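The values are calculated or read from the model by the stated rules, or taken from the named source; none is laboratory data. Note that the structure is predicted; figures quoted are calculated from it, not measured. Cβ placement follows ideal geometry from the backbone for every residue including glycine, while neighbour counts extend to all protein chains displayed. SASA here: full protein model, heavy atoms, side chains in, ligands and nucleic acids out. Shrake-Rupley method; radii C 1.70, N 1.55, O 1.52, S 1.80 Å.
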Amino acid sequence: MRTEWRRQSGVALIIALLVVAMAAIVAVAVMARAEAEYRRAQMVLHGEQAMQYIYGAEHWVMQILLRDRQDSADDHFGQAWAYDLPPLPVDGGAVRGRLTDLNGRFNLNNLVTADGEVSEPHLAQFRRLLQALGVADQIQASAVVDFIDPDGETTMPDGAEDQYYLGTEPPHRTPNRPLASISELALLRDFDQALLPVIAPHVATLPDRTRLNVNTVSTPVLMSLGEGLSESAAQSLIEARADSGYASIEDFESMLGSAPEPGVPLGLSSDWFMLTLRVSIGSTTLTMYSLLERSPAGPTRVVARQQTPW
Ligand SMILES: [Ca+2]
């Protein structure tokens, strides 16, 4: 009798322990789920906060560009817009920013005119830029023209249209429209992705045809302005403009020593900028690339935004 009672109480104890264990498992699962929900909510909140800081910083930079236009008609690296924004401490993190002048870069969309024809002066300039960057053998300038121009006729000597791209793996069509991003070049005929960082700092893909600001062009872009312009000559031109830029296009041309390529519009001011803002809040990081267009009077608008979660 006593043995039977012991056995029953042993079973009851095991059942009680099982119930406690199961309750503990359920409690842990509920807590884990609640914590995951909390983290998810926190990430959403931090993401929202980051966007609000980005909109605020964008507005602030647009005010800097407006004041800059009101203060002076030209643009050069000695002006306030050209300096990296100092890290701004915000609640739970920081915002960092940089403004890049895109009128200092070769606009790939200049290769084709508004009528859809190839712009020969820009094509010649682009070939010289590829030469200056040491990638003329790897990137086919004619293929870039065919990528953008609306027609389906292959540009000689090394262009490529649908006929070529439909035979690639995977097959695709020629965009036949202005480029929206440099990354589109990845689909270009024989394009080696490793070349993207080589050309990216010197080219832009703007939705309009643009002039070059000689006060902000890089050495390779300067070398593209005339046949036989050496690297040392281009560097002398950059030293001559110093931090205050050229006072006039005539000053620049007299320093250049020869007439620049006719048909490639030059200027001393800029309308197009890329604003890069990186916000970190808690464990959330967000980088926003905002394409800004400044009107001649100074007001600036956001034309496009692209973001990355790093
Ligand atoms: Ca085409």
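For residues that are more than 16 Å from the ligand (Cβ to nearest atom) and within 23 Å of ASP137 (Cβ to Cβ), scanning just segment 180-190, find the one that is most open to solvent (accessible area, probe 1.4 Å). Selected residue: ASP190. So is VAL135 under 22 Å from the mean Cα position of the chain (by Cα) and under 16 Å from LEU187 (Cβ atoms) or not? Spelling it out, it is not the case that VAL135 is under 22 Å from the mean Cα position of the chain (by Cα) and under 16 Å from LEU187 (Cβ atoms).
Rundown of residues vs (1) of a type in the set (Ser, Thr, Tyr); (2) in the same structural domain as GLY92 (by TED's automatic domain parsing); (3) touching a residue at least 40 places away in the same chain (Cβ under 8 Å), yes/no style:
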residue	(1), (2), (3)
GLY257	no, no, no
GLY263	no, no, yes
LEU275	no, yes, yes
ARG278	no, yes, yes
THR287	yes, yes, no
SER290	yes, yes, yes
SER295	yes, yes, no
THR300	yes, yes, yes
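Yes or no, residue by residue, for (1) within 24 Å of VAL264 (Cβ to Cβ); (2) among the small types (Gly, Ala, Ser):
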{"residue": "ARG67", "(1), (2)": "no, no"}
{"residue": "VAL90", "(1), (2)": "no, no"}
{"residue": "THR100", "(1), (2)": "yes, no"}
{"residue": "ASN107", "(1), (2)": "yes, no"}
{"residue": "HIS122", "(1), (2)": "yes, no"}
{"residue": "LEU130", "(1), (2)": "yes, no"}
{"residue": "GLY134", "(1), (2)": "yes, yes"}
{"residue": "GLN138", "(1), (2)": "yes, no"}
{"residue": "SER142", "(1), (2)": "yes, yes"}
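Tell me, yes or no, whether segment 147-163 has at least one residue that is in contact (Cβ under 8 Å) with a residue 24 or more places away in the chain, under 24 Å from ALA200 (Cβ atoms) and of a type in the set (Ser, Thr, Tyr). Within segment 147-163, one or more residues are in contact (Cβ under 8 Å) with a residue 24 or more places away in the chain, under 24 Å from ALA200 (Cβ atoms) and of a type in the set (Ser, Thr, Tyr). Here is the figure for segment 135-163: residues that are farther than 19 Å from ILE199 by Cα and in a helix (DSSP H, G or I) total 2. A single entry from PHE147, PHE126 fulfils the requirement of being of a type in the set (Phe, Trp, Tyr), within 14 Å of the ligand (Cβ to nearest atom) and open to solvent by less than 20 Å² (accessible area, probe 1.4 Å): PHE147. Here segment 155-179 is the region considered, the condition is being open to solvent by less than 80 Å² (accessible area, probe 1.4 Å) and of a type in the set (A, V, I, L, M), and the residue that is nearest to the ligand (Cβ to nearest atom) is ALA160. Segment 164-263 holds helices (runs of 4 or more DSSP H) entirely within its bounds, and those carrying 2 or more residues that are of a type in the set (A, V, I, L, M, F, W, C) and touching a Gly at 6+ places or on another chain (Cβ under 9 Å) map to 249-256.
Taking (1) closer than 26 Å to SER258 by Cα; (2) loosely packed, with under 15 Cβ neighbours inside 10 Å; (3) at pLDDT 95 or above in turn, ALA200 satisfies each apart from (1). Restricting attention to segment 49-72, does a residue exist that is surrounded by 10 or more Cβ atoms within 10 Å (Cβ to Cβ), not in a helix (DSSP H, G or I) and not assigned by TED's automatic domain parsing to the domain that holds ILE249? Yes, segment 49-72 contains a residue that is surrounded by 10 or more Cβ atoms within 10 Å (Cβ to Cβ), not in a helix (DSSP H, G or I) and not assigned by TED's automatic domain parsing to the domain that holds ILE249.
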